[in-house]
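One structure is given below, encoded as structure tokens.
The values are calculated or read from the model by the stated rules, or taken from the named source; none is laboratory data. The structure presented is a predicted model; accordingly, all values stated were derived computationally and were not measured. Note that we place each Cβ from the backbone using ideal geometry, even for glycine, and neighbour counts take in every protein chain shown. SASA here: full protein model, heavy atoms, side chains in, ligands and nucleic acids out. Shrake-Rupley method; radii C 1.70, N 1.55, O 1.52, S 1.80 Å.
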Amino acid sequence: GDSVTQMEGPVTLSEEAFLTINCTYTATGYPSLFWYVQYPGEGLQLLLKATKADDKGSNKGFEATYRKETTSFHLEKGSVQVSDSAVYFCALATFSGGYNKLIFGAGTRLAVHP
Amino acid sequence: DSGVTQTPKHLITATGQRVTLRCSPRSGDLSVYWYQQSLDQGLQFLIQYYNGEERAKGNILERFSAQQFPDLHSELNLSSLELGDSALYFCASSVATDLSYNEQFFGPGTRLTVL
């Protein structure tokens, strides 16, 4: 079945460091791909998305490119801030079993230190 | 603020008990989703309602049930609670069911602790 695999955390970085969180997926067809972020004590928020191959989603300095050939959607940011500390979830939207659903990865915790 | 509200924020109860979690979707959203987030299982989809009708079931236990009312708010009922049911329960809503193009908005969650 469809699935999402993302790198295990926690990821610990210093402020202004470069961030990469890897995400790969397995799916039939061409799913839409998403990154969600969960700040401490809050629900998930959509960070960015891409709906077709080679699309780049971007928001708040974060970027991810939909790579069909490597079935990947890695999240990157050039210079992280302490306020980026959160858990990041990669997800895909798929239609299976007769309904649309989101499948989430396990989440990667990011801690940014001053 | 996503516009999705959940009550209560925290709930502490004992094994064997029954609780009800409540969710109000964003204004205009017809679809409501329930998720369970635990440390060992990650984020698991439980059930979806669309305009009052059950649309999809995920990894929902038989001890759990849900409904969506005519005003579109939803309730998740958890009964015969076990220690392993301790988790964060999230509600999300969307305008329509095609998730490729319709964003899911998540509530702040209800933290359930079963003692």
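Summary of values
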{"quantity": "3J(HN,Hα) from dihedral phi, the stretch B:67-73, Karplus parametrisation 6.51/-1.76/1.60, rounded to Hz, x for glycine, proline", "calculated": "7, 10, 8, x, 7, 6, 6"}
{"quantity": "Burial of 10 Å² or greater, the stretch B:29-64 residues [accessible area, probe 1.4 Å, versus chain by itself]", "calculated": "B:Y35, B:Q37, B:G42, B:L43, B:F45, B:Q48, B:R55, B:A56, B:K57"}
{"quantity": "Violating pairs (Cα-Cα greater than 26 angstrom) within the set A:K77/B:K9; A:K68/A:K101; A:K49/A:K101; A:K60/B:K9; A:K77/B:K57", "calculated": "A:K77/B:K9; A:K60/B:K9; A:K77/B:K57"}
{"quantity": "From the C-alpha gyration tensor of the protein assembly as shown, square roots of 5λ in Å", "calculated": "29, 21, 16"}
{"quantity": "Percent of Cα-Cα distances greater than 17 Å, calculated over the stretch A:31-113", "calculated": "48 percent"}
{"quantity": "Probe 1.4 Å - accessible area at B:R18, Å² to nearest ten", "calculated": "150 Å²"}
{"quantity": "Where A:K60, A:K49 fall by accessible area, highest first, once all protein chains stay in place (1.4 Å)", "calculated": "A:K60, A:K49"}
{"quantity": "Shielded by partner chains, the stretch B:92-115 residues - at least 10 Å² of accessible area, 1.4 Å probe, vs chain alone", "calculated": "B:T97, B:D98, B:L99, B:S100, B:Y101, B:E103, B:Q104, B:F106, B:P108"}
{"quantity": "Spin-label pair B:D40/A:H113, simplified geometry with 7 Å Cα→Cβ offset, distance in nm", "calculated": "3.1 nm"}
{"quantity": "Whole-percent carbon and sulfur share, accessible surface of chain B, 1.4 Å", "calculated": "48 percent"}
{"quantity": "For chain B: rounded, prolate or oblate by the Cα gyration tensor [a/c cutoff 1.5]", "calculated": "prolate"}
{"quantity": "FRET E, pair B:S27, A:S58, Förster distance 35 Å, beta-carbon r, rounded to 0.05", "calculated": "0.80"}
{"quantity": "Exposure rank, largest accessible area first [A:D2, B:D40, B:D85, A:D54; 1.4 Å]", "calculated": "B:D40, A:D54, A:D2, B:D85"}
{"quantity": "With all protein chains modelled, accessible area of B:Y101 [1.4 Å, Å²]", "calculated": "150 Å²"}
{"quantity": "Solvent-accessible area per residue for chain A (1.4 angstrom probe, square angstrom)", "calculated": "47 Å²"}
{"quantity": "The stretch A:15-64-the stretch B:69-115 distance, computed between alpha-carbon centres (Å)", "calculated": "22 Å"}
{"quantity": "Dipole axis of the stretch B:8-111 (+1 Lys, Arg; -1 Asp, Glu on Cβ), positive-most option in B:L78, B:V95, B:L11", "calculated": "B:L11"}
